[in-house]
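Worksheet for the structure shown next.
Here, each number is a calculation from the coordinates, and none is a lab measurement. No experiment lies behind these values; they were computed from the predicted model shown. Cβ: placed from backbone, ideal geometry, glycine included. Neighbour counts: every protein chain shown.
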Amino acid sequence: MAQDEEQPAGQARQRIDKWLFFARLRKSRSLAAKSVEAGDVSVNGVSVRQPSHAVRPGDVIVLSLDRHDMVVKVLQPGVRRGPYEEARLLYSDMTPPPPSREERNLFAQATRERGAGRPTKRERRETDRLQAFPGDDED
C-alpha cells in the first residue's frame, strides 16, 4: 500500500508540484516544479523552493501568475489530472476580486505608468536627441 493510502484522509499529503499539476493550476508538472523553484509559490505564508514540499488539506497556497496572484485553499490531494470539473474539487479559490473601474478615481484611470504605452512628444524628442551622433547635425 502507498503511504498516502495508509494515512487518514485529513492527513493525506502530496508533493506541491504534483498537486499544482493535478489541480490544473500549471500546464505540466515540470512547469509547476520550475515555478516552485523560482519562488512563485508560498504555502501558509512561507515561500517554498522545493518541488517535493508536501501539502495537505487546509494549506493555503499563494501562486504568483503573470498578471495577478492566486490564493487557493487545498481541500484534498489529487489522484490524477482529470477534467476541469474534477480538478476544481481539489481547492477552493480565495483570490480577492480585482477592484472595479468605478472604485478607482478618474485620475488613476487616465494616467499611465512612466515608460508604458506610446511615448509623449517630449519623450520622443529626448530619445531622438540621445540617438543622434555628434557629426550628424547637418547633412
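A few comments on the model shown:
- Gained length - ALA116 relative to ARG88, 0.36 nm times residue gap less alpha-carbon distance: 6.5 nm
- Relative contact order, whole percent, for segment 3-93 stands at 27, derived from Cα pairs under 8 Å and 6 or more residues apart.
- Cα-only radius of gyration and Dmax that characterise segment 3-93, units Å: 12.0, 40
- Cross-link partners of LYS73 among lysines (Cα-Cα below 26 Å; sequence separation of 8 or more within a chain): LYS18, LYS27, LYS34
- Cα→Cβ-extended label distance, 7 Å offset, between ALA38 and ASP66, nm: 1.1
- Modelled label positions at PHE133 and LEU31, each set 7 Å beyond Cα in the direction of Cβ, lie 4.5 nm from each other.
- Annotation for segment 21-42 versus segment 66-93: alpha-carbon center distance of 12 Å.
- Peptide packing for 63-73, 16-26, 116-126 was compared via the average number of neighbouring C-beta atoms within 10 Å per residue; ordered from the highest value, the list is 16-26, 63-73, 116-126.
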